[in-house]
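> This is the structure I want to talk about, given as structure tokens.
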Amino acid sequence: MSEEIPVPGILSRARELVDPAIAAALSGLCPELRLPAEYHFQSRGKGTRPALAILSAEAVGAPSETGVPGAVAIELIHDFSLIHDDIIDNDAERRHRPTVWAKFGIGVGVVAGDALHNLAYEVLLSDPTAPRVKAVKHLAGAVSAMIAGQSMDMAFEERSLVTLEECLAMEQGKTGALLSYATSVGAILAEAHDSVVDGLSEFGAEVGVAFQAVDDLLGIWGDPERTGKPAGADLRERKKSVPVVIALNSGTSAAEELAELYSRPDWDAGGVDAARALVEAGGGREGTQALARTHYDRAVSALDSLAAHEEVVEEVVEEFRLLADFILGRDF
């Protein structure tokens, strides 16, 4: 584990700009849905996606406020996906308290997630200028990729063998697509040149894959105090995450034992610990760390290319780099 990364100032700046706008958007929901939605947002994460959206506006010299509608939209989409993911994964706890479905019921969780999904588009289209319509089009594509990635993730649970290429394609959709959108939507709203938007999108996509790889590591070896979920939750759910897929395809005796263990319908008390040891023995931990490092380096390379573009503010590029380090925690 590397030393702790300082908290970037953009996180607090973004919260000051975005949180009131999120609260205003939620206030427009009907009372039956506003209650669970506001409950969910009372325990939010670090707010990295809105921060990325604000930075992407600032990166092309636009005021911070230009990125706010996109920041609100991406956070609403992210949280709709979290509410639904908790139902799919049967997770009754997130960030050390009951999830929406666990507190209000599955039906309420489904509809509350639907409401946040729809609200994201309403926020962007409340003033249907050409840049906002373009931002909606990009958001629709990102959400489609995210949903496809989630569908692949679910399908993998029923398959005995998944290739690393398939796993990475799943994670590029499930996580990379939204982070790619977050890092470019502010520039879209600021009417930046398409080449700059594309460069920011590439940066976000690479950060997204690196982030998911690190998250997969935490899903197996992470401290519950940090993750907010029980230790080894991904193993207990038989997730075909990157470390597991690398181990299953390693051609080692550990791969055979892990495949046999994953095929059992029930595990005894030591099942998670046994699976964790087999994933590590099959090279899953080391291979995932290397993969995260590769995609992090690609993200930095994309930033370096952007810094040479005269439309881009160099100081903001450095803020992107600091925020990427913070998001990943450099745990690889």
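> From the backbone phi of region 305-315, what are the Karplus-calculated ³J(HN,Hα) couplings (6.51 cos²θ - 1.76 cosθ + 1.60, θ = phi - 60°) in whole Hz, Gly and Pro given as x?
5, 5, 4, 7, 7, 5, 6, 9, 7, 4, 4
> Would you compute, from DSSP H runs of 4+ residues alone, the mean residue ellipticity of the chain at 222 nm, taking -39500 (n - 2.57) per run and dividing by the full residue count, rounded to the nearest 500?
On the way: 18 runs with 236 residues, N = 332.
That comes out to -22500 deg cm²/dmol.
> Sort out for me the Cα centre separation of region 25-42 from region 175-196, rounded to whole Å.
27 Å
> When the dipole is taken about the Cα centre of the chain, and only Lys, Arg (+1) and Asp, Glu (-1) are charged at their Cβ, what size is it in debye, to the nearest 20? Provide the component values of the computation, followed by the final result.
Details: 28 positive and 53 negative charges, 138 e Å.
Computed about the Cα centre, the dipole is about 660 debye.
> Mind checking which aspartates and glutamates have their C-alpha under 16 Å from K137, skipping anything on the same chain fewer than 8 residues away?
E122, D127, E191, D194, D198
> In what order do H96, H117, H295 fall by count of nearby beta-carbon atoms within 10 Å, going from fewest to most? Display every interim value, and only then the final one.
Values: H96 11, H117 18, H295 25.
Ascending Cβ contact count within 10 Å gives the list H96, H117, H295.
> Can you find, among I188, F211, I74, the residue sitting farthest towards the positive end of the charge dipole of the chain, where Lys and Arg contribute +1 and Asp and Glu -1 at Cβ?
Among I188, F211, I74, the one farthest towards the positive end of the dipole of the chain is I74.
> So if I take the centroid of the Cα atoms in region 232-264 and the same for region 45-73, what is the distance between those two points in Å?
38 Å
> Suppose we flag GluC sites (Glu not before Pro) only when DSSP calls them loop and at most 13 other Cβ atoms lie within 10 Å. Which is the longest uninterrupted stretch of the chain?
Between exposed loop sites, the widest span is 5-156.
> Would you mind ranking L119, L179 by Cβ crowding within 10 Å, fewest neighbours first? Walk me through the numbers before you get to the answer.
Details: L119 22, L179 29.
In order of increasing Cβ crowding within 10 Å: L119, L179.
> Among M152, M170, which comes first, then next, by fewest other beta-carbon atoms within 10 Å? Write down the numbers at each step before the final one.
Working: M152 18, M170 26.
Ordered from fewest to most neighbouring Cβ atoms within 10 Å, M152, M170 come out as M152, M170.
> Only Lys, Arg, Asp and Glu count, each charged at its Cβ (+1, +1, -1, -1), so figure out the dipole size of region 1-106 about its Cα centre, rounded to 20 debye.
Using Cβ point charges on Lys, Arg, Asp and Glu, region 1-106 gives about 180 debye.
> With θ set to phi - 60°, apply the Karplus curve 6.51 cos²θ - 1.76 cosθ + 1.60 along region 108-123 and write out the HN-Hα couplings as whole Hz, x wherever there is a Gly or Pro.
Along region 108-123, the couplings run 5, x, 4, 6, 5, x, 4, 5, 5, 4, 5, 5, 4, 6, 4, 4 Hz.
> Further, regarding this structure: What ³J(HN,Hα) values, in whole Hz, does the Karplus curve 6.51 cos²θ - 1.76 cosθ + 1.60 give for region 246-252 when θ = phi - 60°, with x put for Gly and Pro?
Along region 246-252, the couplings run 4, 5, 5, 9, 7, x, 9 Hz.
> OK, next. Where in region 290-332 does the label zone of E16 land, with the point 7 angstrom along Cα→C-beta and an amide N cut-off under 18 Å?
316, 319
None of the figures in this text is laboratory data; all of them are computed from the coordinates on show. None of the values given here were measured: they were computed from a predicted structure. Here Cβ is always computed from backbone atoms with ideal geometry, including for glycine, and neighbour counts include all displayed protein chains.
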